[in-house]
Amino acid sequence: MFQQRQMNEVWPLVEESYSTSNVSPGAVTSATPVSVTAACSLGTPLGGGTSAATFALGDTLEVVPPSGAATNGLVVVAAPTATVGTAQITFINYTGSSVTPVASIYKIIAKRQVANVVV
């Protein structure tokens, strides 16, 4: 049974950041994932962020592609790299044809679990 909970009950630390430049994997052919590394900053997209993101290995990342990216059926996931504040964004295509997303700024939501919180 689902129960309503506050986000900070499950993920006490949440950080919203944006890629510091347009992310473009180029053409993503079917059954061939393509990854792009992107540095991220806190704040607003299009250069509005002045502080580097602080997510790191061990954090859970969600990637939010902008509607203008036209990902058209691609699954887009992100994972932190060894460099703090840098995400590896992976585009996965199982549509049966090639898809080329438009280069865009991607939102990254990082979630960090605190050791003493029981979920």
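Across segment 92-109, the number of residues qualifying as part of a strand (DSSP E or B) and closer than 16 Å to S67 by Cβ comes to 3.
Criterion first (among the hydrophobic types (A, V, I, L, M, F, W, C), modelled with pLDDT under 95 and touching a strand residue (DSSP E or B) at 6+ places or on another chain (Cβ under 8 Å)) does A78 satisfy it? Before you say what the answer is, go through the steps one by one.
Numbers: among the hydrophobic types (A, V, I, L, M, F, W, C): yes; modelled with pLDDT under 95: no; touching a strand residue (DSSP E or B) at 6+ places or on another chain (Cβ under 8 Å): yes.
So A78 fails the test.
E9 satisfies every condition listed in (1) outside any loop (DSSP other than H, G, I, E, B); (2) at pLDDT 95 or above except (2).
Please count how many residues of segment 14-29 are β-branched (V, I, T) and either part of a strand (DSSP E or B) or at positive phi (or both). Can you show your working first?
Narrowing segment 14-29 to residues β-branched (V, I, T): 14, 20, 23, 28-29.
Keeping just the survivors that are either part of a strand (DSSP E or B) or at positive phi (or both) gives 14, 23, 28.
Summing the residues that are β-branched (V, I, T) and either part of a strand (DSSP E or B) or at positive phi (or both) in segment 14-29 gives 3.
If you check T37, T60, T50, T32 for being on the phi < 0 side of the Ramachandran plot and surrounded by 13 or more Cβ atoms within 10 Å (Cβ to Cβ), only one passes: T60.
What about G73, is it outside any loop (DSSP other than H, G, I, E, B) and more than 22 Å from K111 (Cα to Cα)?
Details: outside any loop (DSSP other than H, G, I, E, B): no; more than 22 Å from K111 (Cα to Cα): yes.
For G73, the condition - outside any loop (DSSP other than H, G, I, E, B) and more than 22 Å from K111 (Cα to Cα) - is not met.
The values are calculated or read from the model by the stated rules, or taken from the named source; none is laboratory data. Here the structure is a predicted model, which is why all the values come from computation and not from measurement. As a convention, Cβ positions derive from the backbone with ideal geometry for all residues, glycine included, and neighbour counts pool all protein chains shown.
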